[in-house]
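Reviewing the structure listed below.
The values are calculated or read from the model by the stated rules, or taken from the named source; none is laboratory data. As the structure is a computational prediction, the values presented were derived from the model and not from experiment. All Cβ positions, glycine included, derive from the backbone under ideal geometry; neighbour counts span all protein chains shown.
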Amino acid sequence: MRTRLGAQRIHWPRLLTVALLLAVLLLVLGCSTGDPQNTFSPEGDVAERQRDLFNLVLWPAVVILILVEGLLVYAVLRFRRRTAGELPAQVHGNTRLELAWTIAPAILLLFIAVPTVDAIIDLGRAPAAGALQVRVTGIQWRWQFEYMDIKDSEGKPLTVFDELHIPVDKEIGAHLEALDVIHSFWVPKLAGKLDVIPGRGNRMWFNATKPGTYSGQCAEFCGLGHADMRLRVVAESEEDFQAWVDDQLNGGGSAGATQGVPDLVSGGE
Amino acid sequence: MQHAPALATNTGLDNRKLLMWLFLASECLFFGSLIGAYLLYRDRSVAGPYPEDLFDIPFTSVSAFILLMSSVTMVLALAAIQRGDQHGLRVWLFTTAFLGILFVSGQAFEFTEFNREGLSLSTNLFGTTFFVLTGFHGAHVTVGVLILMSLFVMALRGRLTRAESLHVELAGLYWHFVDIVWIVIFTLVYLIQP
Amino acid sequence: MARAIEERPSAILEAMRQLREDAASYRGIWSWITTVDHKRIGIMYGVTALAFFVLGGIEALLIRLQLATPNGEVLTPDQYNRIFTMHGTTMIFLVVMPLSAAFFNLLTPLMIGARDVAFPRLNAFSYWVFLAGGLFMNASFFTGGNILQGELGAPDAGWFGYAPLTLSRFSPGEGVDFWALGLLILGVSSMAAGFNFIVTILNMRAPGMTLFRMPLFVWMTLVTSFLIVFAMPVITVALFQLLFDRLYDANFFNVDKGGTPLLWQHMFWLFGHPEVYILILPAMGIVSEVLPTFARKPLFGYPFVVFSGIAIAFMSWGVWAHHMYTTGLGAVANSAFGVSTILIAIPTGVKIFNWMATLWGGSISIKTPLLFAAGFIAMFTIGGLTGVTHSVVPSDYQQQDTYYIVAHFHQVLFGGAIFGLFAGIYYWYPKFTGKMLYEGLGQLQFWTMFIGFNVTFQPMMILGLIGMPRRIYSYPGGQGFDIWNLVATVGAFLIAFSVLVFIINVIASSRRKEKAEADPWDGRTLEWSLPSPVPPYNFKEIPTVHALDDFWHQKYAEDERGRPVPVVAGGSEEEEEEHGDGHGIHMPSPSFFPLIAATGLPIIATGLIYDPAIVAVGAAVLMVGIYGWALEPATE
């Protein structure tokens, strides 16, 4: 590795730039893919699209960062005062340069804006017609899940708490509501978050593309139990999912239902 | 009230006049937000009473007219002090304040009526947004009345001469603004029903 | 008989006269309490803000101690929620804003060639109300029971106070009331200052100082002040709405009666986004003064830096809902705000490029102010770029409410605003205190603060992206969060060390025997033409201004190649032409009515929480203050 810049023999800027690069690389690689809520290792189409979009912006940003920081460090060192009475030329500006560094970023940003709007529309569409409809309700400090199309013996939707089972590769149509304060439904490996707001319904579609258990938690500050308002999404094969559903309907009732939680099903709209 | 001799300013506007204009500009944001909340929640009350059940447009029109007239008398007060007419100044200052008190009394009467008919701050969205909006406006009018009465007392003591006409002008700016806000509120809240 | 009457009250009158004389001659504590001198008010703002900085820092250390390990038990969830709420509220409203106000106060009249601000008593009022608001809000810590047993009463709903969580039903107790009322009080302070500086800048510039010959810091003061006077009313209304809901059962955010919690968010962020520019523009102004002085070159592209500041101020009104992407506003709104947010990066970039161009080709003196200014550029670039990543709406669905956002705003508020403000402190310290801060300690502070800052906050970017939400009092092990949280905590203590170094520097430098020169840095703007510290009347004679960086041009002419050449007869000696010691210059008289009026506000607020009778007392105090103020002579 060359450590000299031509005749000037400045070690620092090069070294610093490389160090910065390494640091950035380290930081990025430091995100171990084993972490259960890691947005860099998505297992759902929505999260994957979001990650790809992030990378689209991240890498150019890193390049710009290295350029700007490198230039800054270089300038401070290269133009440092060497004699006390030194007086540089009093340059006031350069209109061409101003135009250039206004227009160039604008163009660059355009390349970000277009895919952004594209993804907003795709990811914000209504759930597909055949999606598995689940009503997600946040209440201090539990998550309730109701399968709208799976009725129990009394004709009420199958209701479980804190652990949502879904078939792999099946689109889920989530209807998000809250009964008390604002919470936010977030399972990072599957999809970005969406708030549940009392008095207002939100909806999102998502899926899981690989079997597994995906952890999530409330992502909008909601009081004392906010940190503990966790949830899990279990994605399994269609057969396993059916088996689980049957088990629930026959009074298995093991998926997190407890006493002390208000009767939410009759809570109404 | 003694004041420093007016210094030459870059804009040519007296510092205090510029201050008053800036203050009124910020008040536009203040009342705009309150009016915005009212309009957002219009027709979203889950239960009554509703505006059409309660509003007495003729009554409110009279009180709006009174406030409008008070702006006229305010202008007369300013004209009086500017031409050195101390008597006129006192008469018109007092009248303006008096009309302002009449307006606020009308508001108080209206509020008590609505209250009797079941509308309070907590009844529904209409009660909340209506009382807060018109309440803040009424508070502004009341502050204006206090200012006018203070000026009136100063005038009685001979301390409000032509040299101090800026004070009356500034009070006038504030008063006219409060009046204009009422015109907006009256139109949007009372007159225009969807 | 008549003589006896004359003689009896004369002792009191004599005492009062002596007090007034003391105050006017700047002696004693009474002179500080009644001061209307912008320089003294600026110092009071600065000292108070730095005290709150230490308080907010302690709150931060408590947070970091709790989060250093998984399942931490340093704080209970209740304590944690109160402390993070107060940390954020304190840093924003009691540290960055008042520190900026300190500089507005200290510098604006000097930089425009005026003797004081347009409304000196209003200026004093702004400070006392700030102090009152800060004390009022922090008094809430004591209302929760026995504070020595860790029972805290402070607000606990976050600095952003989302409804419905902030309604009485979900936040019983007085904490949120203290928060809302405290912010209302602080809003009065900010607005009064905003009005004052707009009028001062528009109306009181020295002859020849056109708007485009004003120092850039004055431009940023003007723009920030406009943002303040237009944004504060919106949060004022929102806070009143919240208070009416809490205290009087109104329905603004009551879902059962048809209200929507989103109304709060819209109002809050309509204020909140301009607010973040209120937080950063003054520091950008400081950087724009420091860089040219330490590079010995003019600010590159001065008009463009001015216009980009104005552009940012205008655009800041059109991006607020980027704080609300995850509330489900719909594709149209999300796209619109996404695009507008992406666009606001452009004027920001313009500033950064112009600062770099200022350094380029200069003769750079690497002293503490320059280090902090360069640090600002470096850190703000990172913060700005992460901001661009947030503007990509679908990605923001992953980033929102995680530590990635926490990293972003600390990057711009600490690495940006605080660094810029420290650059200003080191730069202008000699001008207002007559002593130089120690350069060695300054460099030590910078490097430990810089390293500490990065060690604390860069790991948070990772934490956010691997799924750690914010505002959680603890996290379980096995999430991959442990190591980064520990690193961040270590960094936080390094920052604390750097603040200690600063305090030591201040104390040590106050003991220095050498007095600072008038122009220790070879500055470009008018304040450097005055002695250090600056006399009460500022300028013996109001200068006539001929150019941007007028003082520089008094010192240096330009040769044919545009290189500066020292002017032989030394322009800064001009002030020697005698007008005595400023005799005959009438300065505004000191007054205690601003303090009295200011005291009325927290009393009213206390009464609204506890007892209406106290409201009456507070109102009476306020009225006495206002009437006394209105009726006393402005100048003697």
Handout entry: Test: residue in the stretch C:154-163 that is in contact with a Lys or Arg (Cβ under 9 Å, 6 or more places away or on another chain), assigned to a loop (DSSP other than H, G, I, E, B) and on the phi > 0 side of the Ramachandran plot
Key = yes
Handout entry: Residue among C:Pro369, C:Pro394 that is more than 10 Å from chain A (Cβ to nearest Cβ), buried (at least 24 other Cβ atoms within 10 Å of the Cβ) and not charged (D, E, K, R)
Key = C:Pro369
Handout entry: Any hit, the stretch B:39-54, residues being more than 28 Å from B:Leu148 (Cβ to Cβ), in contact (Cβ under 8 Å) with a residue 60 or more places away in the chain and under 22 Å from the mean Cα position of the chain (by Cα)
Key = yes
Exercise for the section: Tell me which of these C:Gly187 doesn't satisfy, since it passes every other one: (1) part of a helix (DSSP H, G or I); (2) within 12 Å of another protein chain (Cβ to nearest Cβ); (3) surrounded by 24 or more Cβ atoms within 10 Å (Cβ to Cβ). Expected result: (3)
Problem - Scope the stretch C:319-360; condition part of a helix (DSSP H, G or I), more than 25 Å from the chain's Cα centre (by Cα) and more than 25 Å from C:Val305 (Cα to Cα); matching residues - result: C:Tyr325, C:Thr326, C:Thr327, C:Ala331, C:Val332, C:Ala333, C:Asn334, C:Ser335, C:Ala336
Problem - Verdict on C:Val455 being in a helix (DSSP H, G or I), of a type outside the set (Ser, Thr, Tyr) and crowded, with 18+ Cβ neighbours inside 10 Å - result: yes
Practice task
State which residue is farthest from the other protein chains (Cβ to nearest Cβ) when the search covers only the stretch A:59-91 and only residues that are touching a residue at least 24 places away in the same chain (Cβ under 8 Å) and among the aliphatic types (A, V, I, L, M).
Solution key: A:Ile66
Practice task
Could you pull out every one of the helices (runs of 4 or more DSSP H) wholly within the stretch C:8-125 that has 3 or more residues that are touching a His at 6+ places or on another chain (Cβ under 6 Å)?
Solution key: C:38-67
Practice task
Report, ordered by the first and then the second residue, all pairs with beta carbons closer than 7 Å, sequence separation of six or more or different chains, a first member in the stretch C:128-141 that is under 13 Å from C:Leu181 (Cβ atoms), and a second member that is outside any helix (DSSP H, G or I) and among the hydrophobic types (A, V, I, L, M, F, W, C).
Solution key: C:Ser140/C:Ala154
Exercise for the section: Select the helices (runs of 4 or more DSSP H) contained entirely in the stretch B:1-100, then report the ones holding at least 2 residues which are of a type in the set (Phe, Trp, Tyr) and surrounded by 15 or more Cβ atoms within 10 Å (Cβ to Cβ). Expected result: B:15-41
Problem - Selected residue (only one of B:Gly144, B:Gly158, B:Gly172 is over 30 Å from C:Gly258 (Cα atoms), touching a Phe, Trp or Tyr at 6+ places or on another chain (Cβ under 8 Å) and more than 13 Å from chain C (Cβ to nearest Cβ)) - result: B:Gly144
Exercise for the section: For the stretch C:422-476, enumerate the residues that are more than 14 Å from chain A (Cβ to nearest Cβ), in contact with a Pro (Cβ under 8 Å, 6 or more places away or on another chain) and of a type in the set (Ser, Thr, Tyr). Expected result: C:Tyr426, C:Tyr427, C:Thr433
Exercise for the section: Check B:Leu99 against each of (1) out of contact with any Ser or Thr (no Cβ under 6 Å at 6 or more places or on another chain); (2) touching a residue at least 12 places away in the same chain (Cβ under 8 Å); (3) not β-branched (Val, Ile, Thr) and name the one condition it does not meet. Expected result: (1)
Fill in the blank from the handout: The residue from A:Ile112, A:Ile150, A:Ile166 that alone is within 14 Å of chain C (Cβ to nearest Cβ) and either assigned to a helix (DSSP H, G or I) or surrounded by 15 or more Cβ atoms within 10 Å (Cβ to Cβ) (or both) is A:Ile112
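Rundown of residues vs (1) within 12 Å of another protein chain (Cβ to nearest Cβ); (2) modelled with pLDDT of 95 or more; (3) closer than 28 Å to A:Ile166 by Cβ, yes/no style:
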{"residue": "A:Met1", "(1), (2), (3)": "no, no, no"}
{"residue": "A:Arg4", "(1), (2), (3)": "no, no, no"}
{"residue": "A:Pro13", "(1), (2), (3)": "no, no, no"}
{"residue": "A:Leu21", "(1), (2), (3)": "no, no, no"}
{"residue": "A:Leu26", "(1), (2), (3)": "yes, no, no"}
{"residue": "A:Gly30", "(1), (2), (3)": "yes, no, no"}
{"residue": "A:Asp35", "(1), (2), (3)": "yes, no, yes"}
{"residue": "A:Val57", "(1), (2), (3)": "yes, no, no"}
Handout entry: Filter result (farther than 18 Å from C:Gln411 by Cβ and either in contact (Cβ under 8 Å) with a residue 60 or more places away in the chain or of a type in the set (D, E, K, R) (or both)) within the stretch C:328-359
Key = C:Thr358, C:Leu359
Practice task
Within the stretch C:297-331, track down each residue that is at the interface with chain A (Cβ under 9 Å from one of its Cβ atoms), within 30 Å of A:Ala126 (Cβ to Cβ) and surrounded by fewer than 22 Cβ atoms within 10 Å (Cβ to Cβ).
Solution key: C:Met324, C:Gly328, C:Gly330, C:Ala331
Exercise for the section: Quick one: C:Asn251 ticks every box in (1) surrounded by fewer than 23 Cβ atoms within 10 Å (Cβ to Cβ); (2) over 29 Å from the mean Cα position of the chain (by Cα) except a single one, so which number is it? Expected result: (1)
Exercise for the section: Mind telling me which of the residues C:Gly480, C:Gly434 ends up being in contact (Cβ under 8 Å) with a residue 24 or more places away in the chain and either among the aromatic types (Phe, Trp, Tyr) or out of contact with any Cys (no Cβ under 6 Å at 6 or more places or on another chain) (or both)? Expected result: C:Gly434
Exercise for the section: Scan the stretch C:236-267 residue by residue and report those that are among the charged types (D, E, K, R) and within 9 Å of another protein chain (Cβ to nearest Cβ). Expected result: C:Asp245, C:Asp249, C:Asp256, C:Lys257
Exercise for the section: Considering only residues that are farther than 22 Å from C:His390 by Cα and away from chain C (no Cβ under 11 Å), look in the stretch A:178-210 and name the one that is surrounded by the most Cβ atoms within 10 Å (Cβ to Cβ). Expected result: A:Ala208
Completion exercise
Of A:Asp122, A:Asp162, A:Asp152, A:Asp169, the only residue that is out of contact with any strand residue (DSSP E or B) (no Cβ under 7 Å at 6 or more places or on another chain) and either more than 24 Å from C:Val393 (Cβ to Cβ) or basic (Lys, Arg) (or both) is A:Asp169
Problem - Odd one out for B:Ala77, checked against (1) in contact with a Leu (Cβ under 6 Å, 6 or more places away or on another chain); (2) under 30 Å from C:Ala231 (Cα atoms) - result: (2)
Fill in the blank from the handout: The correct count of residues that are without any contact (Cβ under 8 Å) to a residue 60 or more places away in the chain and over 14 Å from C:Met587 (Cα atoms) in the stretch C:523-537 is 2
Practice task
Please go through the stretch A:204-215 and pick out each residue that is out of contact with any helix residue (DSSP H, G or I) (no Cβ under 7 Å at 6 or more places or on another chain) and either outside the structural domain of A:Ile182 (by TED's automatic domain parsing) or under 18 Å from A:Arg49 (Cα atoms) (or both).
Solution key: A:Met204, A:Trp205, A:Ala208, A:Lys210, A:Tyr214
Exercise for the section: Might you check whether a residue that is in a loop (DSSP other than H, G, I, E, B) and either over 30 Å from B:Tyr50 (Cα atoms) or out of contact with any Leu (no Cβ under 8 Å at 6 or more places or on another chain) (or both) occurs anywhere in the stretch B:134-155? Expected result: no
